[in-house]
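The values are calculated or read from the model by the stated rules, or taken from the named source; none is laboratory data. Just so you know, these numbers come straight off a predicted model, no measurement behind them. When we count neighbours, we look across all protein chains shown, and the Cβ atoms used for this are built from the backbone with ideal geometry, even at glycine. The area values use the complete protein model at the heavy-atom level, side chains included, leaving out ligands, DNA and RNA. Shrake-Rupley method; radii C 1.70, N 1.55, O 1.52, S 1.80 Å.
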Amino acid sequence: MTETLDIALPKGRLGEKVARLLGEAGMGAAEVREGSRALVLESDDGSLRFFWVKPADVPIYVERGAADAGVAGKDVLLEHGADVYELLDLGLGRCRMCVAGFPGALERPGALRVATKYPDIATRHFRSRGRAIDIIKLNGSIELAPILGLADVIVDIVETGATLRENKLEVLEEVLPVSARLICNKAAFRFKHGRVEALAAALAGITEGGK
């Protein structure tokens, strides 16, 4: 009997897109197509098992072996510092991690007050520029921080930039491009190599990252 390959999918739009892609690759689950709310699902042929977790938790499940593979944004991987293999850029959820604020905010003297959900990424970015910073960790409404004077700039994901423009903020620096990646547990890559490679190859054939 073939051992099941466990895959952690992020809850939300990204995970739903990945589930559709797996269906196109012949690795789908009827329960996904039917909109089931179950947290653990099996593929139609029983060879894969999917489970839904918070996006920030995907690298933890994969790194610690609760999942053999998973899908996570590059921002999540870098912030978590996950000890996993990154197999494929799926080309989904493309956006940018940016420094944003009011025009001229980066020219202010002294330590820069930086509000962000990504303290590690922000710290590495400004350290590479030799800039002293004061990190303010926030979990939501990051754009409010400079507006209310809590921070000089923010480091956050930017998709269209509409929210920034509506609040008279602008992108001041681009930190890194972000997209969804297929990741794998290191032990699973060794002991389930053929199946992991087949999964990556199937997804590469139908995603932007594989074109």
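Computed quantities for the displayed model
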quantity: Cα-projected label distance for Glu173 with Ile206, points at 7 Å along beta-carbon direction, nm; calculated: 4.1 nm
quantity: Extension gain (nm, one decimal) between Asp120 and Asn139, 0.36 nm per residue minus Cα-Cα; calculated: 5.4 nm
quantity: Net charge over other residues, Cβ less than 13 angstrom from the Cβ of Ala132 (K, R count +1; D, E count -1); calculated: +3
quantity: Two-decimal Rg to Rh for the range 53-92 - Kirkwood Rh, Cα set; calculated: 0.90
quantity: Neighbourhood net charge (14 Å Cβ-Cβ; Lys/Arg +1, Asp/Glu -1) for Arg64; calculated: -4
quantity: Measure of compaction for the range 159-211 (Cα Rg per 2.2 N^0.38 Å); calculated: 1.81
quantity: Calculated FRET efficiency for the pair Glu86/Glu3, C-beta based, R₀ 41 Å, to 0.05; calculated: 0.95
quantity: Student exercise, the chain dipole from Lys, Arg, Asp, Glu Cβ charges, in Debye to nearest 20; calculated: 380 debye
quantity: Local electrostatic count, Thr160, Cβ distance below 12 Å [Lys/Arg +1, Asp/Glu -1]; calculated: +1
quantity: Helix axis angle, 193-204 relative to the chain longest principal axis, alpha carbon, degrees; calculated: 60 degrees
quantity: With every protein chain in place, the range 62-139: carbon and sulfur % of accessible area (1.4 Å); calculated: 47 percent
quantity: Eligible aspartates and glutamates near Lys186 by straight Cα distance, threshold 16 Å, same-chain separation 8 or greater; calculated: Asp6, Glu63, Asp68, Asp83, Glu86, Glu197
quantity: Cα centroid separation, the range 153-189 to the range 45-92 (Å); calculated: 17 Å
quantity: For Ala25, distant residues with modelled amide H under 5 Å away; calculated: none
quantity: Segments 88-94, 39-45, 77-83 sorted - mean Cβ within 10 Å per residue, highest first; calculated: 88-94, 77-83, 39-45
quantity: Electrostatic dipole magnitude of the range 118-176 [Cβ: Lys, Arg +1; Asp, Glu -1; Cα centre; debye, to 20]; calculated: 240 debye
